[in-house]
Every structure is written in structure tokens, then in C-alpha cells.
Amino acid sequence: MRPFTSTISFEEAQRRLRDAVKPIARIERVGLERAAGRVAAEDIISPLDVPPFARSAMDGYALVAADTAAATGDSPARLQIVEHIYTGQIPRTAIIRGTCAEIATGAPLPDGADAVVMVEQTKLDGDNRVFVAAVAAPGQNIGRRGADISSGAIVIRRGEVLNPGRVGAVAAIGRADLDVYARPRVAILSTGNEVIEPGTPLGPGQIFDVNRFTLAAVVEAHGGDADARRPVHDSVASLGAALDTCADADIIVFSGGSSVGEHDLIVDLIASRGEMIFHGIAVKPGKPTAFARLRANGTPFLGMPGNPTSCLSNAYVLLVPFLRAVARLPDVPDRTIRVPLGRRIVSQAGRLQFYTVKIEGGAAVPAFKGSGEITSLSQADGYIQIPADQSVVEEGILVEVTLF
């Protein structure tokens, strides 16, 4: 066995990952229905005013405001209705003094009208006339042409994430598709002679592949396209062949084979094919994590621990920020709560520990079982950080929980 001769701090690992980020440059065109969550690769400029016409903001009557200057409840203005205007209909009659048009919300304003009174301030007199019992001001209840977006305005800037509101703005100017940055392709593969696919009979000494599915879920949730492969046996030939098939990926993530045993071959294989940027982080779980850049094409490679909790924990704190930076997505803001610790925790000094907890009865109850137990995460709501120089966290102390 080859023990770790040194490890780097978690903060140093973060720094090295940040320094290695190369934002995706590949661009593709997508339909608007598939644009949500993508990153715009172009400035989008409106070719028209939105709305493209002045329109009513209320159901009511379009009129000349001056006709209502003396209107009151006791002495309303009496106007002749010359037209009924609905959405999608072009007004045919201009409004002059003494006339008005019944109008629906969103319908085009007729020529000559400079205000709309809401229907609640009016009363029909049964002779195609209407009484208006309130004074209207010019411009009242009218959405002017271009009030939302003016022709020539930048609607979306390159690099902005297309959230639902921004997708709506693109639709409002009539665009059906747009250029976005490609989602990074992330090749995912589990290694180990004992690892088999779910759905196949479990033989003696075998375990089902967990990491392939947890890593793929993380990648898809954070801007990447997961290319999950079948597990590969621990041999130089099979691992090398598997690595060769990942040549077109933007990021490669293997799990297993990143420790220091005689049969953990990935680290040696990667070191022979590229630059090892780090191997070993002073964290728990997840110490045997490696990061490298392959010599042939510069592809970043993350070697994650084989233990499911270690793998997923480091995926959250290391892979996610790296992937999002490559995908040109902003960092995910931490969601944290401060609650009392429900039970005393003893931690191994010398390593920063991400200790999973679940929230029960307003307290953080320890959920961590061990690096190999996926329920340490599946039954947890978040984690607390225990500094490397701290070995005990006492029951009842307020802790900050970062929620998943």
C-alpha cells in the first residue's frame, strides 16, 4: 500500500480548480422552448416596439379626457359609443369629442382617444350611450407603444442566464430561437472489479454502481450534459481504453481508483497522460480526490473517491462550482440556517469535515454514518463544516447548516 505523503487544504483545492477553469466556447442554436436555464451567447436586440401599438390597460371606455373634465357622480359626462374594440381587432373609427369606444384590456387604442376609464366608473343608459362619473386624465389606463421594450433595445446580453422572465422577453420580440453556449459534456465512469450495474444479479463480493447515477444527477442539475458509462474493471488496459473513449468530453469524472492501494490504478494512469494538479485533500469525507489536466487535449479530469458518500459530498463542494464556471453559470448561493446541534459530534482533527445532518424538531441531528454509506446523504438535509482544528462539537451549540 502507498500512503498519502501529503494533502492540500480544501481552500487550496478550490483555488486550483478555479485557476483551471476554461469557460465553454462552443455555441449552438436552440429553440425558445429549450432555452430556459441556458446561457445566451449573443446580445439580443429588439427589432420592434413592445407593445407594437398603444393599448388599453383596463376594460372600459376609450375617450377624450377633456370630455370628463367636469364629470361627477351626480353630474356624469354623457358620451356616444361609436365602436366596440376587442383584442386582436383594429379600431375602425376615430374618437372625437362627445364620443367613446368600449374597449377590452389589451385592445389597440383608437385614434383620437387619449384616456381610458374603467367600466366600474361608468353606467350604460340603454341608448348606445354611456355615463362617465369620474374625471379622466390624459394617458390614464393606456399602455403606450414601446412602453415595455423599445425598438433597438438590448433585451438579453451575452452571458446572461435565460430564466423564465428572459425567455418571455425573447418571445415578446418574436424570436423563435437564439444562440446559447453549449452545456459541457461530462463523461462519468465508475471503476472497480466489484462494481456492477443496477438491474443485474448481484454476485458474491459485488456492489451496485451508485456513483454513476449520483454524479449524473449532479451534472444535469448544474448545467452539464451527463454522459454516464458502464463500470470498468481495474486493469491498465481497460481503464486506458475507457479513458480513450472519453476524448470528446469537456470534463471527465471517474470514481474509484483515486486512493493509494496497489489496485487503484487511475492516479498512475492519469499522471502518465497529463499534469496532476492535486491528489489528496485534507477533508472528510473525500480525502482521496484527484484533479488533473490531460496532455492530449487539455481536458480536465476529476478522480473522485469510490465510496458513495465521499464521492457525492465532493461533487457538491468541488465538482459543482467547477462545472458551473465552465458552463458560464453563476455560483449557487448557499442556503443556510442556524439551528442547535441535536447530538454531540466527535470529529477527526487535522481535516475539515463536511458532516451531514438532518433537521428534526428545529435541531440539526447527525446523519453521517460513514464514507461508504449513501444514506449518510440520502437521509440528510444538509451539512455542517467542522474545522480541521476542532475535534468536538457539543450538543446544543448553534451550528450553520448548508442545505442541499
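The values are calculated or read from the model by the stated rules, or taken from the named source; none is laboratory data. The shown structure was predicted, so the numbers you read here are calculated from the model rather than taken from an experiment. Heads up, the Cβs are rebuilt from the backbone with ideal geometry, glycines too, and the neighbour counts pull from every protein chain shown. Surface areas here come from the heavy atoms of the whole protein model, side chains and all, with no ligands, DNA or RNA. Shrake-Rupley method; radii C 1.70, N 1.55, O 1.52, S 1.80 Å.
A few comments on the model shown:
- For the condition aliphatic (A, V, I, L, M) and either surrounded by 17 or more Cβ atoms within 10 Å (Cβ to Cβ) or in a strand (DSSP E or B) (or both), A66 does not qualify.
- The residue of segment 29-47 that is surrounded by the most Cβ atoms within 10 Å (Cβ to Cβ), among those that are out of contact with any Gly (no Cβ under 7 Å at 6 or more places or on another chain) and part of a loop (DSSP other than H, G, I, E, B), is R38.
- As for segment 349-365, it holds at least one residue that is over 29 Å from N211 (Cα atoms) and not in a strand (DSSP E or B).
- Sub-9 Å Cβ pairs linking a first residue in segment 16-44 that is on the phi > 0 side of the Ramachandran plot and modelled with pLDDT of 95 or more to a second residue that is open to solvent by less than 30 Å² (accessible area, probe 1.4 Å) and of a type in the set (A, V, I, L, M), at least 6 apart or interchain, are G37/L162; G37/L329, ordered by first then second residue.
- Output for segment 140-182, where each listed residue is within 30 Å of Y61 (Cα to Cα) and either open to solvent by 70 Å² or more (accessible area, probe 1.4 Å) or of a type in the set (S, T, Y) (or both): R144, R145, D148, S150, S151
- Taking the conditions (1) under 24 Å from V135 (Cα atoms); (2) not in a loop (DSSP other than H, G, I, E, B) in turn, T72 satisfies each one other than (2).
- For segment 212-241, the tally of residues that are touching an Asp or Glu at 6+ places or on another chain (Cβ under 7 Å) and small (G, A, S) stands at 1.
- Of residues in segment 121-139 being among the polar types (S, T, N, Q) and open to solvent by 50 Å² or more (accessible area, probe 1.4 Å), the one nearest to T99 (Cα to Cα): N128
- Taking strands (runs of 3 or more DSSP E) as the structural unit, those lying wholly within segment 268-345 and holding at least 1 residues that are surrounded by fewer than 22 Cβ atoms within 10 Å (Cβ to Cβ) and touching a residue at least 60 places away in the same chain (Cβ under 8 Å) correspond to 274-279, 290-294, 336-340.
- Flag if A113 is closer than 16 Å to A70 by Cα, at pLDDT 95 or above, hydrophobic (A, V, I, L, M, F, W, C) and not in a strand (DSSP E or B): no
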